[in-house]
Each structure stands twice: as C-alpha cells, then as structure tokens.
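Asks: Sharing a structure here in structure tokens format.
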Amino acid sequence: MNGFFGQFGGAFVAETLIRNLEELEHEYERVKDDVNFRNEVAAILKHFVGRPTPLTPLHRIPSKLGGAKLYLKREDLTHTGAHKINNALAQALLAKKIGKQRIVAETGAGQHGVAVATVCSLLGIECVVYMGAVDAARQAPNVQRMKLLGADLRLVHAGQQTLKDAIGEAIRDWITNVHDTHYLLGSAVGPHPFPKIVADFQSIIGQEAREQIFEAEGRLPDYVVACVGGGSNAIGIFNGFLDDPEVKLIGVQAAGEGIESNKHAAPLVKGSLGIVQGSFTYMLQDAYGQILETHSIAPGLDYPGVGPQHSFLKDSGRVEYTSINDREALKAFEYLCRTEGILPALESSHAVAYALKLAPTLSEEMIVLVNLSGRGDKDMNQAIEGLERLAQLELEGVTV
Amino acid sequence: MSRIEKTFAQLREKEEGALIIYIPVGYPNLDISESLIRAIAESGADIIELGVPYADPLADGPTIQEACLQAVNNGTNLDICLETVSKLRASGIDTPIVFMGYCNSFLAYGLERLAAQAVEAGVDGFIIPDLPSTMAQPWVQKFEPHGLDLIFFLAPTTSEERAAAVVKQGSGFLYCISVAGVTGVRQSLPNELPGFIHQIRQQSTLPLAVGFGISNAQHVKEVSSYADGAIVGSALIQVIKQASSETVEQDVRAFVHQLKSATRRVAVERV
Ligand SMILES: Cc1ncc(COP(=O)(O)O)c(C=O)c1O
C-alpha cells in the first residue's frame, strides 16, 4: 500500500469510503499528466484566479529593522484572497471528471469554503460547506460570501465547533452520499490520497516563487517561511525548494496563548504520534488518545492534526517547525498593514511574525521568502478587537 | 474455536440468528453502566459490542456521537472499559464481548499492552470502524497471537475484488454495513441488502452480521432470515435516553428480550 510518507499517512477511514478514495487516486493518476487537464487548470488559474501571483520585495520593513531582504509571495492577491483556490479549482475539475455532481467541503477560516463555493458556481456544481459555529461567528464576512455564492452552508455545533468538527461532519456527509458526492478537502491532511493531491495542486506556489526569486535576485532564497495549519500553503511553497538543501524551510504553527500554555494548535512542536481524521501523523491528544482542544486566533490554524508529509519532513529534519503566539501574530498583522500597506490574513501573520523576528538576525545579503497565504479582510473584527485588548493590557502595564 | 465462533455455531444448530448489542461503556453514567451491560447479556444478547467511547467517532451518527461524548465526559477511558469486562466476567457473564472503538484509542494505549490486557480481562475481539483491512496488518500481527478476533467491515461500496481480500483477513464474523452512511436509527432496511449478503456468502464461510440502521424487532426478524447476526446500537441508546433512572434497566431488558425473540430463522416476505 502506498500513501505513506515514511511511517506517516495512510487511510484510516470507514470501509464505505475506500471505493471513493481509490477512485479518486486512480482518476488523479490518470489525469495529472494529461495535457488537456493541465491546460484547463492552467487557463482558469490564469484568467480567473489571476496567477501568477506577484513576488513583492519589502522596502520599509528591512530599512527599519535591518537584516535580511524580505519577499512576500502574494497568495492574498488571488481571486477569493487565499491560496485555497489553487486546490479547490483543480480538485473540483477532477471531481467533475469522476462524474460527481455534488461537492462537500469543510472550512475553518472560511477561505477554503469561499474558494469551493466560487469554483462550484463557476463550474455549475452543487456545493455544501460545513463550518464550525464558533468559526462562523468569527469569520462573518466569509459566511456571507459563501451564501451569496450559492453554497448550502451548514453550521456544525458538535465538539469545539471549529475546523476539526467541520471536517468530521463533511466526512459523515460523504459516507452517506458516496455515490454522487466528492469531498473537496481543503488542506494537505486526511486519508490518502488527499495529502498528496492537495500538495500537488498547491505546488504552483513554489514553482512560481522559485522562478520569481531567480528573476529578482539571480539566486535561491536562504529561508522560506510559511504558516502551517493543515499544511497546504506550506507544502505548496516548500515543494519548490525541497531539493535545494541550502534553502532553510521553516513551518510556523499557532502557539495560541503560548506554546507552554496548553492552549495552542502546534502538534508539530508539542504533539505526539497518532491517528487523526484518517492519517497517522503528529497530533494533540491526551493519554487515552482523545483529541485535545486547540486554541488560535487564526481559525485556519486551529487544528489538532497536521498533514502527514509535514510529520515526515519534521522527523527527517528537512523542515524546522516552530510557533508564533496570538499576540505576536496580531502585532505582525498590524505592522505589515502600517508599514507596507498589506493586510495579511491572521494565519499568514504567523509566518510574517516569524520572519520579522528572523530577518534582523541575518546579514543584509540574505533573503527570506515568506508565503503570504491570504488576505485579512475576513479578520478585521477579530484583529481590531484583539489589538484593542493588547493596547488595554499595555496601558495597564502588563507586559505583552 | 473462539468464543465468538462457538456462539455462532450453537445458534446455527438452533436455527437462530445472533443478536449483537452495542452499548458504550460509561453510558448513561458509570454507576449503572455495568449493571446495564449485565442486563443486556441476561436478556438474550448473544454477543456484546462494548463501545470504547471516542469523542470524535467519524463513522457514527448523532445518537452514538452524543452517547460516546457523554461517556467520555463521565470519565470513561480504556482502563475503565477493561475493568468493566473483568468485573462482568468475574460475575459469571460468559457472553462473547468485543470492543468497538476507534484506532487512536487503541494506538495511544499501545497495541501490545492492549492485546495482553484485553485477553486477561476476557475480551474476545475488536471492531475498529476506521481500520480498513488494507491498513490492518500490524494490528493483526499484535492481536492474532493472543487469540483475539479482529472483525472487519464490508460495505455496499466494497468492490468484489476487495471483498475477496477482506474476507481472508477477518476472523470471528464479518460486519456487513447495511447501507452507505453512518450509524443511526432508520425506518426501513435497504432493498439491496439481501442481495449484498448473498453475494458475500459466496465469498466467505465466516458468519455474516448486519449492522447500521437495524432499529426494531421487525428489522431483526428480516435480517435473521438471510444473515447470521443482527447488530443493534442506536435504537437501544434511544431507549436508554428516553427511560427514567428507575425504569432504565427494566426498559433495556424488555427491549433486548423483544429483539432476541425475533432472531428465530423464519422466511420473511418482504413488503
Ligand atoms: C489564509 C490562510 N492561510 C493558511 C491557512 C492554513 O491552512 P494550510 O496550513 O492548509 O495552508 C488557511 C486556512 O484556512 C488560510 O485561510
């Protein structure tokens, strides 16, 4: 059985789903190198999504902080505002080829849900999106967008009412409607072949970034930094550089209220091995294997598991995984707005925050490339509230 | 011959189907859980499927999800499940008991340690809905030497080729999922069910038990006419949920008894 990255991955799912997973893998293997399929995806990515996305050099931040040059890969400038559309589009086309007329998806931040609703509207496919009720409350603009786009949005009140619970409900829907439904998973997680398919569809980010940095600098970057929720934007950009050992790859997870606080979402930093939602990988669990609650200000990072390939890359040492807490992410969010005129998603702000710490420690010739996975319009309320809370604490003399 | 195989053989002699009852340990609470399980055994269940409650049960519908969450919140864990089996065995319950639970509960405990302790407690086998046979080799290697049965699923979506491989790996019985979906009470059984069972019958000599959606005595009667066992879970949980604390044990006894009396093998006209 393939479907493993070293010991990680697999397909630990109900027997009922096996046929669909096998069909998906089979069809994917058949079309992935098919010129017509690739051309179809490429054309829509160009004319509808707006690829290639720019690589933006930052000027003001390096001049203020000193240290390395900073570049942002601008996935926030895609249509719908995050990298999620790359995968949503290609998978929806694949589902259509398999003959599925209905798509179910989960969403955390709402970016994947919006992307799926958008491509379903574009391709004329029925669309159901599951979203945790807590996430829906904190990402209201995306809830409205999904509804406008014609998605049947179903709120999930089970469990912690966040991303994991939305995935759980989407899987149950899929088990019940196997015949006509494709589950359009939005990150490089879950059972084989999803981690592989999603990573492939996101690799366009790394391919473009690699060419663009060569064009701008005539060489590879020294560091590539990306936030890691399930791990799709990170694996997308890392894939452009995995075979270049001189490029250091950094995955940034959510430390929530603090990495030592037990209120975080950083399985690659603090987790242990287990099976979560179909895949053997690092996860957050208690001594009896129950999945632990997670905490992050960024809904897209608020997940107790991680894609199996990241677990593999951690253990092999190729990628270093670290974490950034809510406060640092909020500060980076604000700083990038003020200093460079770019409004990042709270998820992406974790990668930015790490880069802001890293760059000043490096020499001026060095290059740090950050994947700006999405834009922060969806996060305005959350972020402003959070920043006001921080300001209040500072006024009260609490060190933040 | 394992306790499970013996049970099916004896029932076959009597021309009866097996009644297999699912209940999570610790439901509705830890105080009465053990006595409810004993009541189920005493009222005629032929095999007991003891749920090791997991808070994220992806193959279960709302009824079992809720029951398992309640059991987890009551503090139920795998150690308590093992202890419960030990106590049931000590009090003379000889009914085959299989653990039904999700991969990660077992993996976190350690498969080697689990297998040894399960045998010592008196567990006969495992049903793991998120462990398809293709992923199960390491598990079979740990469980088989202890004589534990590992029971695999067949679904209406399982291809014939795949079914041929699954039936080779299973022991005890095969769990035939009546319909694509999650667990939960349903009004009627799918029309394709007898054909599905008939087809598996061509491929395996293992006993075939049907689960998912079997909700009342009529369903049990129908399933018993073409399969070797009927599995009931959500329907019993609903009985427990609706009962008062004074009557719950009595209600459970009455319900299980009623289901058991429907397992005599008779030809059933489908309406
Ligand atoms: C903008 C953005 N970045 C990152 C993520 C995290 O997902 P992943 O780790 O799969 O890239 C999300 C998820 O919703 C997102 O919306």
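No value in this document is a laboratory result; all are computed from the given coordinates. In this text, all values refer to a predicted model and were calculated from it rather than measured experimentally. Cβ placement follows ideal geometry from the backbone for every residue including glycine, while neighbour counts extend to all protein chains displayed.
Asks: Counting Lys and Arg as +1 and Asp and Glu as -1, what is the net charge of the other residues whose Cβ lies under 13 Å from the Cβ of B:Thr95?
Replies: Working: positive: B:Arg3, B:Lys6, B:Arg38, B:Arg89, B:Lys260; negative: B:Glu42, B:Asp46, B:Glu49, B:Asp94, B:Asp124.
That works out to 0.
Asks: Please give the FRET efficiency for B:Gln187 paired with A:Gln392, using the beta carbon to beta carbon distance and R0 = 51 Å, rounded to the nearest 0.05. Intermediate values should be presented prior to the final figure.
Replies: Numbers: r = 56 Å, r/R0 = 1.10.
Here the calculated transfer efficiency is 0.35.
Asks: Okay, next question. Give the list, by residue number, of cysteines in chain A with no other Cys Cβ closer than 4.7 Å, or say none.
Replies: If one checks each Cβ against the other cysteines of chain A, A:Cys227, A:Cys337 turn up with nothing under 4.7 Å.
Asks: Follow-up. What are the residues whose amide H is under 5 Å from the amide H of B:Glu16, where those residues sit 5 or more places off or on another chain and H is modelled from the backbone?
Replies: Result for B:Glu16 returns B:Arg265.
Asks: Expressed as an acute angle from 0 to 90° and rounded to the nearest 10, what is the orientation of the C-alpha long axis of helix A:35-44 relative to the principal long axis of chain A?
Replies: 50
Asks: Of B:Leu193, B:Val268, A:Leu123, which is farthest on the positive side of the dipole of the protein assembly as shown, counting Cα position, with +1 on Lys and Arg Cβ, -1 on Asp and Glu Cβ, and the Cα centre as origin?
Replies: Final value for the positive-end residue is A:Leu123.
Asks: Something else now. With a point put 7 Å past each Cα toward its Cβ, work out how far B:Glu112 is from A:Ser63 in nm, to one decimal.
Replies: According to this spin-label approximation, the distance is 6.3 nm.
Asks: How big is the antiparallel share of DSSP beta bridges in the protein assembly as shown, given as a percent to the nearest 5? Write down the numbers at each step before the final one.
Replies: On the way: 16 of 78 bridges.
Percentage antiparallel, nearest 5: 20.
Asks: What's the FRET efficiency of A:Ala140 with A:Glu257 using the Cβ-Cβ distance as r and R₀ = 22 Å, to the nearest 0.05? Could the numbers behind the result be given before it?
Replies: Numbers: r = 23 Å, r/R0 = 1.05.
According to the calculation, E is roughly 0.45.
Asks: Let me ask something else about it. Once you charge only the Cβ atoms, +1 for Lys and Arg and -1 for Asp and Glu, what is the size of the charge dipole of the protein assembly as shown about its Cα centre, to the nearest 20 debye? Numbers along the way, then the final one.
Replies: Numbers: 57 positive and 78 negative charges, 172 e Å.
Using only the charged Cβ atoms, the result is roughly 820 debye.
Asks: What size of dipole, in debye to the nearest 20, comes out for region B:3-260 about its Cα centre when the only charges are +1 on Lys and Arg C-beta atoms and -1 on Asp and Glu C-beta atoms? Each step should come with its number before you reach the end.
Replies: Numbers: 17 positive and 29 negative charges, 59 e Å.
Computed charge dipole of region B:3-260: roughly 280 debye.
Asks: Could you work out how far helix A:15-31 tilts from the main Cα principal axis of chain A, as a 0 to 90 degree angle to the nearest 10?
Replies: That works out to roughly 70 degrees.
Asks: Note down the relative contact order for chain B as a percent, whole number, built from C-alpha pairs under 8 angstrom at least six residues apart.
Replies: Numbers: 511 pairs, mean separation 61.5, N = 271.
It comes to 23 percent, rounded to a whole number.
Asks: In the structure displayed, which of A:Lys64/A:Lys331; A:Lys46/A:Lys69; A:Lys73/A:Lys164; A:Lys46/A:Lys73; B:Lys14/B:Lys221; A:Lys196/A:Lys248 lie more than 24 Å apart, Cα to Cα? Each step should come with its number before you reach the end.
Replies: Values: A:Lys64/A:Lys331 16 Å; A:Lys46/A:Lys69 28 Å; A:Lys73/A:Lys164 28 Å; A:Lys46/A:Lys73 16 Å; B:Lys14/B:Lys221 15 Å; A:Lys196/A:Lys248 22 Å.
Flagged as over cut-off: A:Lys46/A:Lys69; A:Lys73/A:Lys164.
Asks: Another one. So, R0 is 25 Å and r is the distance between the beta-carbons of B:Lys87 and B:Arg253; what FRET efficiency does that work out to, to 0.05? Could the numbers behind the result be given before it?
Replies: On the way: r = 19 Å, r/R0 = 0.77.
FRET efficiency, B:Lys87 to B:Arg253: 0.85.
Asks: Taking the Cβ of A:Ile324 as the center, what net charge do the other residues with Cβ under 11 Å away carry, scoring Lys and Arg +1 and Asp and Glu -1?
Replies: Details: positive: A:Arg327, A:Lys331, A:Lys357; negative: A:Asp326, A:Glu328, A:Glu347.
In short, 0.
Asks: Say the dipole of the protein assembly as shown comes from +1 at the beta carbon of Lys and Arg and -1 at that of Asp and Glu; which of B:Thr95, B:Ala209, B:Gln10 then lies farthest toward its positive end?
Replies: Toward the positive end, the furthest listed residue is B:Ala209.
Asks: In debye, nearest 20: dipole of region A:334-400 around its Cα centre with unit charges on the Cβ of K, R (+) and D, E (-)?
Replies: Working: 5 positive and 11 negative charges, 25 e Å.
Value, rounded to 20: 120 debye.
Asks: Same structure, new question: Can you find, among A:Met283, A:Ala188, A:Thr53, the residue farthest towards the positive end of the dipole of chain A? Put +1 on the C-beta of Lys and Arg, -1 on that of Asp and Glu.
Replies: A:Thr53
Asks: First select every other residue whose beta carbon is under 9 angstrom from the beta carbon of B:Ser159; then total the charges, Lys and Arg +1, Asp and Glu -1.
Replies: Numbers: positive: A:Arg19, B:Arg162; negative: A:Glu22, B:Glu160, B:Glu161.
Taking every Cβ under 9 Å from that of B:Ser159, the sum is -1.
Asks: Mind pulling the angle between the C-alpha long axis of helix A:346-358 and the longest principal axis of chain A? Nearest 10 degrees, somewhere in 0 to 90.
Replies: Computed tilt is about 40 degrees.
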